[in-house]
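Working notes, beginning with the structure itself.
The values are calculated or read from the model by the stated rules, or taken from the named source; none is laboratory data. Computed from a prediction, not measured in an experiment: that's the story for all the values here. Here the Cβ is made from the backbone with ideal geometry for all residues, glycine too, and neighbour counts use every protein chain on show.
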Amino acid sequence: MKYSIKNILDRFKWHPDYDFSKVSVRYVDRPKGFSEISGSEIEDIGHKFIYTSTTAIPHHRVVEIKYEGKVVWKR
């Protein structure tokens with residue numbers, strides 16, 4: 001089964017066994033190259049965007065999701 005970025009992040013956010021602050025999301029950040037945000041910076045997870053207080057990151061720019069430093073999803 002293929003999981004969407006939203007499904008993966010929602011599971012880490014809402015499941016009682018996980019700490020969402022231990023999640024990190026690496027994404028293409030034009031023109032810088034790549035940037036990374038932690039779960040504590042994420043304010044909302046939409047169907048097409050991840051929202052922080054300063055930006056909206058499109059799901060198609062996400063290249064990697066980690067939990068406790070271990071890769072759980074990679075494009």
Complete set of residues in segment 31-62 that are out of contact with any Phe, Trp or Tyr (no Cβ under 6 Å at 6 or more places or on another chain), touching a residue at least 24 places away in the same chain (Cβ under 8 Å) and not in a strand (DSSP E or B):
ILE42, GLY46, HIS47, HIS59
What are the residue pairs meeting all of these: first residue in segment 1-29, first residue among the small types (Gly, Ala, Ser) and modelled with pLDDT of 95 or more, second residue assigned to a loop (DSSP other than H, G, I, E, B) and surrounded by fewer than 14 Cβ atoms within 10 Å (Cβ to Cβ), Cβ atoms under 9 Å, and 6 or more apart or on different chains?
SER24/GLY69
For ILE65, indicate whether it is assigned to a strand (DSSP E or B), surrounded by 15 or more Cβ atoms within 10 Å (Cβ to Cβ), modelled with pLDDT of 95 or more and of a type outside the set (Ser, Thr, Tyr).
yes
Suppose we keep only residues that are basic (Lys, Arg) and surrounded by 14 or more Cβ atoms within 10 Å (Cβ to Cβ) within segment 14-44. Which one would you say is nearest to GLY69 (Cα to Cα)?
LYS22
